[in-house]
Structure formats: C-alpha cells, structure tokens
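The values are calculated or read from the model by the stated rules, or taken from the named source; none is laboratory data. Model, not experiment: these values are computed from the prediction. Here the Cβ positions follow ideal geometry from the backbone for every residue, glycine too, while neighbour counts run over all protein chains shown.
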C-alpha cells in the first residue's frame with residue numbers, strides 16, 4: 001500500500017476515534033477501545049502495560065510519534081495501540097534518575113529519585129469538519145530528529161523498537177582503502193617481548209584499514225532504574241593489501257569484546273549542558289597473536305554522557321584488571337597504561353545536513369604520552385558516508401601501543417553511526 005495513503009487513512013481513523021471520545025461540551029475523556037474484530041498486528045512491543053490515552057491532543061501527538069517509528073512492524077503496532085485508545089508501549093518514555101535529588105537523599109532517607117517527565121509538545125495540524133487531516137511532514141521530521149545521537153545510541157529516551165538481542169551499530173563500521181602511515185612500526189617490541197624486525201618492503205606505508213563494530217542489548221530496565229545491559233564487539237584490522245610481494249598480509253588485528261551498563265540520568269551542567277547518562281563496563285582487548293607479537297589487556301571502566309546543544313561529550317575512566325603474566329609467561333605489555341593513559345574522551349559535533357566532526361583523545365599526564373583521532377563524516381547516500389580519519393599519537397592499533405605515528409585515511413562509513 002502506498003505509504004502516504006496508509007498514513008492519511010490511519011490518521012483519519014485515529015482522529016475519528018478520538019473525536020468520538022470527546023463529549024459535545026468539549027470535556028476530554030479516555031478513548032474507547034476498538035471492536036474485538038480489529039485486525040491483528042505483529043506484537044513487537046515490550047511487556048509494558050499500555051495506559052489509556054487521556055485526551056484528543058495526546059492522541060494526535062502520539063500519532064505523529066508513531067509515524068516516525070522506523071520499523072514497519074513496530075509502526076503498525078503503534079497505530080494499532082492508538083486505535084484501541086492506548087498509549088503505544090513502543091513510545092513509552094523512560095524516566096531518568098534525577099541525580100542531584102538522589103545524591104541529596106543520601107543524608108536522609110536513601111532513595112532513587114526519578115526526574116519528572118517533560119510536558120509533551122502541542123501538535124499543530126489542519127483538519128476540516130470531517131476530520132480529514134493533512135499530514136504535516138515537517139512535524140514528523142521534527143519528532144524523528146528530537147532524539148539526540150547519545151539518546152539513540154543508548155536508548156536513553158525510550159527502548160528501541162528493535163527489542164532485545166538485535167544487532168545494532170556500536171563503534172563506526174568503515175573501510176579506508178587509502179590509509180597512509182607517516183612512520184610505520186617496523187620494529188614492534190615491549191619490555192617483556194623481543195623486537196621483531198621488518199624491512200620497508202615487509203611493511204609498507206600505504207595499507208587498507210577497516211573496522212566492524214556491533215552491539216546488542218541483553219536486558220533492558222534492569223535494577224528497577226531503567227538501566228540497560230549491553231554486549232559489544234569491535235574488530236579492527238590493518239591490511240597490507242598493496243604489498244603484492246608478500247602475499248598482501250594482514251599487519252594487525254584488534255579484538256575487543258565488552259559488556260557494559262548504561263543508566264539514564266538527568267542533571268544540569270555549566271554553560272547550559274546536561275548530564276544524560278552514567279555507565280560502566282568490562283572490556284578485553286587483544287590482537288590474537290602469539291610469541292613476540294602477542295599483546296593483550298583487560299579494563300574496567302566508568303563513563304558518562306553529556307550534551308551541550310549539538311556537542312556531545314563522553315568521558316571514560318578505566319583501570320587495568322586481571323593482569324596476565326607470571327614467571328613462565330610474563331605480561332605481554334606491562335607498560336601499556338603509560339601510553340593509553342587512564343581514560344579517554346569522545347566528542348561529537350553535529351553539522352548541517354547530517355555531517356559531523358568527532359574524535360577521541362587520550363593522555364597520560366605522568367608520561368606525557370597519548371593520542372588524538374579526528375573524524376569527519378559526510379553523507380553521500382542512504383546508509384553510506386564519506387569518511388576521513390586522522391590519527392596522531394600512540395596506539396593506533398594494539399601492536400603499536402608504544403609506537404608514535406601520524407596516519408591519515410580516506411574511505412567510506414557503512415552505517416549511520418554518529419560518532420559515539
């Protein structure tokens with residue numbers, strides 16, 4: 001069915017139901033449910049109990065939000081709930097923890113205090129006496145873009161219609177066919193590993209770099225505080241694809257499985273900022289190599305998500321855990337924190353037309369070592385964007401954790417990742 005015809009028909013039916021529920025004197029009342037013979041729609045909602053819609057204005061507002069739902073099945077279920085006079089579960093908002101009030105309660109009766117939900121925006125639309133309503137596409141777009149990159153990445157406003165155990169983007173998924181090293185690491189070593197030497201022909205400056213990164217929500221609304229539990233996996237590779245003399249080998253692989261928790265919170269920050277999220281996780285990082293080229297470590301980290309308008313900032317603090325190594329098999333990289341530091345900061349600034357500038361910074365003030373990566377994303381089609389990456393510092397891959405280099409790559413990003 002044509003999408004515009006379906007949308008107009010659904011809106012007209014919804015408004016007719018809503019208008020019939022409003023008394024002639026203008027007093028608003030809950031919407032009635034539709035007959036039992038209503039068509040069934042695939043159940044893609046959560047186990048949340050749907051509440052009745054309380055007013056005509058609320059019903060109209062919910063309709064526009066349903067129109068912005070991406071999944072076809074979830075969108076149909078959303079319209080179906082409205083037709084039955086209920087608030088769709090897929091649209092139910094999360095209540096973040098009011099951090100200031102919760103902290104202040106520690107001195108008295110300890111409790112978790114949730115922030116009050118914000119009032120819904122009034123929806124303007126045109127309608128004649130027969131309730132034939134013209135779809136305001138600009139309003140649909142406004143609602144679709146009302147969620148920030150941070151909120152969409154970690155389901156801070158509401159649980160995604162994708163549900164649990166569905167594969168979603170995590171870190172960027174990209175391929176950089178043109179990636180150039182200003183100073184290739186031809187003599188990798190560590191305090192506990194012997195040096196491995198390569199010739200300029202063994203390891204050339206140009207190569208191909210790619211990354212695949214996915215995450216899946218394992219549990220939602222855990223701890224009774226709307227927190228979510230996630231599993232993530234990132235694989236990054238440097239491929240000497242232009243080295244035909246040596247059978248085009250892979251120079252480096254980085255494997256990073258992790259488990260982490262995100263908690264929506266609400267607190268004001270200086271200069272009009274907002275603290276939106278707190279979280280923490282465990283991550284294993286290794287390169288899968290043996291003998292002299294083996295590198296690995298484990299981290300526990302805490303993180304936060306903050307916003308200042310179009311600027312999003314995500315700091316992390318970490319510590320090394322479960323250190324590997326003994327007299328027989330020493331730690332591969334005992335000095336890795338000297339170069340990686342004790343945390344990093346990710347940032348994203350949204351430009352016009354879905355373009356963005358983002359980056360990651362690391363620094364250890366004791367050693368003066370760290371790294372800075374800058375990214376520029378320019379959409380060129382649905383699901384694909386031009387991508388430029390600039391790196392300077394230590395640790396562009398795990399085998400290079402103690403090697404300083406400057407590199408630049410040009411290629412494409414294969415999803416709608418927003419840099420977080």
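Miscellaneous remarks
- Candidate set: the stretch 193-209, residues that are in contact (Cβ under 8 Å) with a residue 60 or more places away in the chain and in a strand (DSSP E or B); chosen: the one farthest from residue 397 (Cα to Cα): 193
- In the stretch 169-183, the residue that is nearest to the chain's Cα centre (by Cα) out of those that are more than 20 Å from residue 348 (Cα to Cα) and modelled with pLDDT under 95 is 181.
- Meets criteria (on the phi > 0 side of the Ramachandran plot, assigned to a strand (DSSP E or B) and touching a residue at least 60 places away in the same chain (Cβ under 8 Å)) for residue 221: yes
- Filtered residue count, the stretch 77-94, keeping only those that are under 25 Å from the mean Cα position of the chain (by Cα) and either assigned to a strand (DSSP E or B) or at pLDDT 80 or above (or both): 2
- Among the candidates 233, 179, residue that is over 30 Å from residue 147 (Cα atoms) and assigned by TED's automatic domain parsing to the domain that holds residue 260: 179
- Criterion: surrounded by 14 or more Cβ atoms within 10 Å (Cβ to Cβ) and modelled with pLDDT under 95 - qualifying residue of 220, 228: 220
- The set of residues in the stretch 336-365 being under 14 Å from residue 316 (Cα atoms), in contact (Cβ under 8 Å) with a residue 60 or more places away in the chain and outside any strand (DSSP E or B) consists of 340 alone.
- Counted residues, the stretch 224-239 - those being on the phi < 0 side of the Ramachandran plot and part of a loop (DSSP other than H, G, I, E, B): 1
For every residue, the table says whether it meets (1) over 30 Å from residue 190 (Cβ atoms); (2) in contact (Cβ under 8 Å) with a residue 24 or more places away in the chain; (3) in a strand (DSSP E or B).
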{"position": "256", "(1), (2), (3)": "no, yes, yes"}
{"position": "261", "(1), (2), (3)": "yes, yes, yes"}
{"position": "265", "(1), (2), (3)": "yes, yes, yes"}
{"position": "274", "(1), (2), (3)": "yes, yes, yes"}
{"position": "283", "(1), (2), (3)": "no, yes, yes"}
{"position": "297", "(1), (2), (3)": "no, yes, yes"}
{"position": "307", "(1), (2), (3)": "yes, yes, yes"}
{"position": "315", "(1), (2), (3)": "no, yes, yes"}
{"position": "320", "(1), (2), (3)": "no, no, yes"}
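- Check on residue 171, in contact with a helix residue (DSSP H, G or I) (Cβ under 7 Å, 6 or more places away or on another chain), in the same structural domain as residue 289 (by TED's automatic domain parsing), under 25 Å from residue 373 (Cβ atoms) and part of a loop (DSSP other than H, G, I, E, B): no
- Candidate set from the stretch 379-400 (those that are at pLDDT 95 or above and at positive phi); member that is surrounded by the fewest Cβ atoms within 10 Å (Cβ to Cβ): 393
- Restricting the stretch 366-378 to residues that are part of a loop (DSSP other than H, G, I, E, B) and touching a residue at least 12 places away in the same chain (Cβ under 8 Å), the residue that is surrounded by the fewest Cβ atoms within 10 Å (Cβ to Cβ): 366
- Qualifying positions in the stretch 187-215 - surrounded by 16 or more Cβ atoms within 10 Å (Cβ to Cβ) and under 18 Å from residue 391 (Cβ atoms): 188, 203, 204, 207, 208, 209, 210, 211, 213
- Flag if residue 46 is at pLDDT below 75, touching a strand residue (DSSP E or B) at 6+ places or on another chain (Cβ under 8 Å) and not in a strand (DSSP E or B): yes
- Test: residue 111 is part of a loop (DSSP other than H, G, I, E, B), exposed (fewer than 14 other Cβ atoms within 10 Å of the Cβ), at pLDDT 55 or above and in contact with a helix residue (DSSP H, G or I) (Cβ under 7 Å, 6 or more places away or on another chain): yes
- Residue check for residue 333: free of Cβ contacts under 8 Å to residues at least 60 places away in the same chain and assigned by TED's automatic domain parsing to the domain that holds residue 298: no
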